[in-house]
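The values are calculated or read from the model by the stated rules, or taken from the named source; none is laboratory data. None of the values given here were measured: they were computed from a predicted structure. Positions of Cβ are backbone-derived with ideal geometry, glycine not excepted, and every protein chain shown enters the neighbour counts.
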Amino acid sequence: MALTIAQLAERLGAEVAGRTEGLDREITAVQPVAAAGAGDVTFVADRRHEAAAKTCAAAAVLVAQTIEGLAAPQLVVANVDAALITVLEHFAPTLKGPTKGVDPTARLGENVQLAAGVSVGPYAVIRDDVRIGEDTCIGSGCRVGEGSTIGAHCRLDSNVVVYHQCTIGNHVVVQANSTIGAIGFGYTFLDGAHRLLPHNGGVVIEDFVEIGANTCVDRAKFGNTMIGAGTKIDNLVQIGHNVIIGKCCLIASQTGVAGSSRLGDGVVLAGQVGLADNIEIGDGAMIGAQAGVMNNVEAGKKLAWTPAVDVKEAARAIAYLFRLPKLAQQLKRLTAKVEKLEAAKDHTGRG
């Protein structure tokens, strides 16, 4: 739905700065600075994009503070990211919502309890004794195992699998092809073979958790694997058995969290981070991309590299690493000089 610049400013509670002509110009989409055209609104969330914003053709620019030399009208807001969410929601494509009720091709077991407004999509399978809260959407091809509970206002996209005896809270999103409650990777070597240890526990996912596509959360051997309220997990993440993740954590793509690790509240794991088993990550710790963490991490620490060290120490180590080719050349020249001096001593018979 198109909005004029003036209407958008009013919706965002923004102050219009810079150029104030043409505020009746219509905006039909939001685009990044490099791609924004005449009918788009763009945004500058940090100073790195200010120069590009001065040459872009956008109809208006969301900013946190006025930028000198910007030709387009500037919509000054308290928080660019918050304003961007509002704009993106307004211009989101309108999709047909799920149909309430149970699709004729879905299969329901015995004693299944569905609250009001539940949608069960085509070819979904809901096993015995499952309870699903109001207005929850179970997508096509999903499987929900025996005795599991899913709260209200949740969304399970197509082909999500929730194994038996798992508990999912309210307002949880699990994107397509993810698996909750599979047996963990726990073996012991007996009589010449690897024997799987029984995993009799479950999984508990608290309210407002979001889990990306193709992510796996393994069930516990005993007790529960737990994901704290408000935590957001990206695509292609592996959460091992008996892992405890605190509230409001961020876990980026391709991260692997080994069994029985514990993460405090507000922990951030960047892409491809690997955590060893049975370690603890303190509240608010941040682990940089591709870091390998082998030991406990104190609260608030920022680590990088493999093995993971303090981010400042990692920066120094990387700086020294890139100096090695130059140092090798210097060493080669010094070695040649020493050999020349030694040869001269041998020739004169002095030593």
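Annotation: residue 47 fulfils all but one of (1) more than 21 Å from residue 7 (Cα to Cα); (2) surrounded by 15 or more Cβ atoms within 10 Å (Cβ to Cβ); the unmet one is (2). Could you tell me whether the stretch 263-273 includes any residue that is assigned to a strand (DSSP E or B), more than 22 Å from residue 220 (Cα to Cα), assigned by TED's automatic domain parsing to the domain that holds residue 238 and not β-branched (Val, Ile, Thr)? Scanning the stretch 263-273, I find no residue that is assigned to a strand (DSSP E or B), more than 22 Å from residue 220 (Cα to Cα), assigned by TED's automatic domain parsing to the domain that holds residue 238 and not β-branched (Val, Ile, Thr), so the answer is no. When the strands (runs of 3 or more DSSP E) confined to the stretch 155-227 are screened for residues that are surrounded by fewer than 16 Cβ atoms within 10 Å (Cβ to Cβ), those reaching at least 3 such residues are found at 187-190, 193-196. Of the candidates 319, 289, 299, 252, the single residue that is of a type in the set (A, V, I, L, M), surrounded by fewer than 16 Cβ atoms within 10 Å (Cβ to Cβ) and touching an Asp or Glu at 6+ places or on another chain (Cβ under 7 Å) is 299. Assessment of the stretch 122-134 against the conditions (surrounded by 21 or more Cβ atoms within 10 Å (Cβ to Cβ), assigned by TED's automatic domain parsing to the domain that holds residue 11 and part of a loop (DSSP other than H, G, I, E, B)) yields no matching residue. Considering only residues that are buried (at least 17 other Cβ atoms within 10 Å of the Cβ) and farther than 24 Å from residue 10 by Cα, which ones fall in the stretch 69-109? Correct list: 98, 102, 106. When the stretch 23-81 is filtered for residues that are without any contact (Cβ under 8 Å) to a residue 60 or more places away in the chain, assigned to a loop (DSSP other than H, G, I, E, B) and under 24 Å from residue 94 (Cα atoms), the ones remaining, listed by number, are 25, 31, 32, 35, 36, 37, 38, 39, 58, 59. In the stretch 258-285, of all residues being within 17 Å of residue 230 (Cβ to Cβ) and buried (at least 20 other Cβ atoms within 10 Å of the Cβ), the one that is nearest to the chain's Cα centre (by Cα) corresponds to 269.
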